Amino acid sequence: MPTTKTKRVKKGMQFRSTLADGNPLWVVKRSLGGAWLCEVVDEPIEIDGKVWTGDFAGAEKSFLSREILAANAYEDMFKDMRSDHDRFYASLDEGDIVHYNNGFKNFVRCEVVFDADEQKNKLKPIALVGEWKDYDLPKRMSDGEIHYGYHAKKIIDGSTFEANVTCIFEAGTNHSDDPRSHPPIDLSVPAMTEEEEQEAVRCQLIGRVQEIISEHGNTQEIINRISSMLSDSVVR
């Protein structure tokens, strides 16, 4: 249910507006005839059991009615968005499948899981579907290491997240592409050939040499360490 919009400013109304580097809560104190005198509400902060007065508490400033109403409407908009977000996640059942829209026809297929610590539903990525670019997908680097890409790594790690409801296809927020029938993209990386393994060893060796040189130690010591390492290495 959308928040009822406030149409008039009155004494006691609260809203947020920036002051210096903060975004304190203000309360309307009294009319100034065309403007309103407002004061920052004290929002105490507790640190290690000690309570500290909130930043800017007691500061005063005058605001026009339109500024107060605009700030109020802005906050109401985000309250409505948060309510929609919470309602959607609460409507999901554990094991449901939904799709996170990463943009550009890239979707992350997710399974709904229940987070016992936070007592709410979250999304566990299980597959990438759609038109992902090669640089988003797992690939083996020249030194043999595998670079998975951000979203593929989330799948491999089994991590969970809570995507905004506006980015979830099943929430019905005007997504033009339907990812539900798309097949999952293969995230496996082929094993290295013998030639690739040899190249990986050489790249790793060069990397270790660069590390030794970057230490900026005694030049003779650097040469000795590199020579010793090369003599112990089997490079074809």
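Every number here is computed from the coordinates shown, using simple stated rules; none is lab data. Source: prediction; values computed, not measured. In this analysis, Cβ positions are derived from the backbone assuming ideal geometry, glycine residues included, and neighbour counts consider all displayed protein chains.
Shape verdict for the range 14-91, please, from the Cα gyration tensor: rounded (a/c under 1.5), prolate (a/b greater than b/c) or oblate.
Verdict is oblate for the range 14-91.
For the range 58-68, in order, what is each residue's ³J(HN,Hα) by Karplus, 6.51 cos²θ - 1.76 cosθ + 1.60 with θ = phi - 60°, in whole Hz (x at glycine and Pro)?
The phi angles translate into x, 5, 10, 7, 9, 10, 6, 4, 5, 5, 5 Hz.
How do 166, 53 line up, fewest other C-beta atoms within 10 Å first? Please report the intermediate quantities before stating the final value.
Values: 166 14, 53 11.
Final ranking by Cβ density, sparse to dense: 53, 166.
Calculate how steeply helix 219-232 sits against the longest principal axis of the alpha-carbon atoms of the chain, using the helix alpha-carbon long axis, and give the answer as 0 to 90 degrees to the nearest 10.
60 degrees
Using +1 on the beta carbon of Lys and Arg, -1 on that of Asp and Glu, and nothing else charged, what's the dipole of the chain about the Cα centre, debye to 20?
Numbers: 29 positive and 41 negative charges, 312 e Å.
My answer is approximately 1500 debye.
Under 17 Å between alpha carbons, and skipping anything fewer than 8 positions from residue 61 in its own chain: which lysines qualify?
Filter leaves 10, 11, 29.
Compute the angle between helix 194-214 and the longest alpha-carbon principal axis of the chain, please, reported from 0 to 90 degrees and rounded to the nearest 10.
Here the helix axis deviates by roughly 70 degrees.
Students often check this: by mean Cβ neighbours within 10 Å, which of 131-140, 207-216, 96-105 ranks highest, and how do the rest follow?
Values: 131-140: 13.7, 207-216: 11.3, 96-105: 16.5.
The most tightly packed comes first, giving 96-105, 131-140, 207-216.
Using amide H atoms built 1.01 Å from N in the peptide plane, name the residues 5+ places from residue 105, or on other chains, whose amide H lies under 5 Å from its own.
Those qualifying (amide H under 5 Å, at least 5 residues apart or on another chain) number zero.
When the Cα centres of the range 85-150 and the range 179-236 are compared, how far apart do they sit, in Å?
31 Å
Name the residue, out of 218, 164, 121, whose mean-square fluctuation peaks in a Gaussian network model built on the chain with Cα pairs under 10 Å.
218
Around residue 53, what is the net charge, scoring Lys/Arg as +1 and Asp/Glu as -1 over all other residues with Cβ under 14 Å from its Cβ? Spell out each step's value before the answer.
Working: positive: 50; negative: 39, 42, 43, 46, 55.
That works out to -4.
So I have (1) 1, 7, 15, 20, 21, 17, 11, 5, 2, 1, 0; (2) 1, 6, 12, 13, 13, 11, 9, 8, 6, 5, 5, 4, 3, 2, 1, 1, 0, 0; (3) 1, 5, 9, 9, 9, 8, 8, 9, 9, 9, 8, 6, 5, 3, 2, 1, 0, 0, and one of them is P(r) over Cα pairs in 5 Å bins from 0, in percent calculated from this model. Which one is it?
Evaluating P(r) over Cα pairs in 5 Å bins from 0, in percent on these atoms matches (3).
For the range 97-171, what number of Lys pairs, 8 or more residues apart or on separate chains, have alpha-carbon atoms under 22 Å from each other?
15
Which cross-chain or sequence-distant (5 or more) residues have an amide H under 5 Å from the amide H of residue 26, H modelled 1.01 Å from N in plane?
Counting only residues 5 or more places away or on other chains, the set is 15, 16, 17, 41.
List, largest first, the extents of the alpha carbons of the range 135-223 along their principal axes, each in whole Å.
Extents along the principal axes, in whole Å: 67, 32, 22.
Where a ≥ b ≥ c are the square roots of the eigenvalues of the C-alpha gyration tensor, would you call the range 97-171 rounded, which needs a/c under 1.5, or, failing that, prolate if a/b is larger than b/c, or oblate? Spell out each step's value before the answer.
Details: a/c = 3.21, a/b = 1.52, b/c = 2.11.
Oblate shape, in that a/c is at least 1.5 and b/c is the bigger or equal ratio.
Which order do the peptides 145-158, 36-49 come out in when sorted by mean C-beta neighbours inside 10 angstrom, highest first?
145-158, 36-49
Which ordering of 187, 123 is given by a fewest-first count of other beta-carbon atoms within 10 Å? Don't skip to the answer; put the middle values down first.
Values: 187 17, 123 25.
If I rank by nearby Cβ atoms, fewest first, I get 187, 123.
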